[in-house]
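Okay, structure first, notes after.
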Amino acid sequence: MVRLYVPAERLGSRDLLDLLPDELGYLIRVRRLSAGDAVEVFDGQGGRWPGVLQPGSRRLALGPRVADRDPRRFSFELWQGLSKGERMEWAIQKASELGASRIVPLASDRAVVRLTPSRAPERLRRWRKIAQEAARQSGRADVPEVAEVATLSDLIAWAGPGREAALLYEREDRRDLQTFLSRVRPGSRLALAVGPEGGFEPAEVERVSAAGIPLLGLGDRILRTETAAAAVCVLALSASGGMGPAGGVSAEPPRSAEPGISS
């Protein structure tokens, strides 16, 4: 199925969607669709619509909104240590495909990448585009947020009631991620922090641990930062129930009966 991301504010209660030039180019030139072909539209907030390309190929006729039912016990987000070029992009792409609800670029002492105020907006735009494309490719109806760059102090402040955080540390051999995930309370939000190339500084690890955030190991292997990100997301998705039978969807009333969109 060809899929197209359209922000919720452009959908409203319309039965016909006017396509923007880049959307039209993607459907016609890249995917080589023609009038009568099916397209699934998703809004990045959990809603999806069946669509049909109209004669003239500049509009989509939309069917009733379909809302995903998420079967997972908990949601999780990846706090990913800033790393060079393709490594960071690969981690964001795979975290998006593997169900992370949010991705937080994490500045730390050993991070080689230092985002200046002038460079950060452009880099964030690119990372958010990567997350959007990964959501489209993987069949998600939501798009994970790629947040502003944060620090370990932000992670410590983030943890609280209903929010569980943990830091992956290659020298931790007492507690492991899989056991921790099996004990996450249903309905929780979970943040998992992965270090950059070279990992976290011992002082950073001590500060996080002193704040009550557990340190978790991934076994005997030392993984590259982007590999660790993918491994963490696979384990979290599996533990949450997101790798079982495909989740159901529920159709909402026809467009004429809808007052608007809810996520």
Given H placed on each backbone N at 1.01 Å, which residues far from residue 37 in sequence or on other chains put an amide H within less than 5 Å of it? 53
Report the relative contact order of the chain, percent, no decimals, based on alpha-carbon pairs under 8 angstrom and at least 6 residues apart. 26
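Go ahead and estimate [θ] at 222 nm for the chain from helices alone: -39,500 (n - 2.57) per DSSP H run with n ≥ 4, summed, over the residue count, rounded to 500.
-8500 deg cm²/dmol
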Provide the FRET efficiency to the nearest 0.05 for the residue 122-residue 145 pair, computing r from the beta carbons and using R0 = 25 Å. 0.90
Over the heavy atoms of residue 243, what accessible area does a 1.4 Å probe trace out, to the nearest 10 Å²? 110
Derived scalar couplings ³J(HN,Hα) [the range 228-233; Karplus, 6.51 cos²θ - 1.76 cosθ + 1.60; whole Hz; x for Gly, Pro]: 4, 4, 5, 4, 4, 5
For the chain, give the share of DSSP beta bridges that are antiparallel, in percent and rounded to the nearest 5; count only bridges with both residues there. 40
Quote the relative contact order of the range 102-197 in percent (integer), defining contacts as alpha-carbon pairs under 8 Å separated by 6+ residues. 37
Where both partners of a DSSP beta bridge lie in the range 29-147, what percent of those bridges are antiparallel, to the nearest 5? 60
Could you identify which residue out of 20, 168, 237 has the top mean-square fluctuation in a GNM of the chain using Cα springs shorter than 10 Å? 20
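With a 1.4 Å probe and every protein chain kept in, tell me what percent of the accessible surface of the chain is carbon plus sulfur.
50
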Using only the Cα atoms of the range 93-195, build the gyration tensor, take square roots of its eigenvalues as a ≥ b ≥ c, and label the shape rounded, prolate or oblate: rounded if a/c is under 1.5, else prolate if a/b is larger than b/c, else oblate. oblate
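With every protein chain present, what is the per residue accessible area of the range 1-90 (1.4 Å probe, Å²)?
With the other protein chains kept in place, the range 1-90 gives 49 Å² per residue.
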Which order do the peptides 153-164, 63-74 come out in when sorted by mean C-beta neighbours inside 10 angstrom, highest first? 63-74, 153-164
Estimate the FRET efficiency between residue 175 and residue 107 by the formula 1/(1 + (r/R0)^6), using the beta-carbon distance for r and 22 Å for R0, to the nearest 0.05. 0.30
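The values are calculated or read from the model by the stated rules, or taken from the named source; none is laboratory data. Not measured: the values here are computed from a predicted model. Methodologically, a virtual Cβ is constructed for each residue, glycine included, from the backbone with ideal geometry; neighbour enumeration extends over all protein chains shown. What goes into the accessible areas is simple: the full protein's heavy atoms, side chains included, and nothing from ligands, DNA or RNA. Shrake-Rupley method; radii C 1.70, N 1.55, O 1.52, S 1.80 Å.
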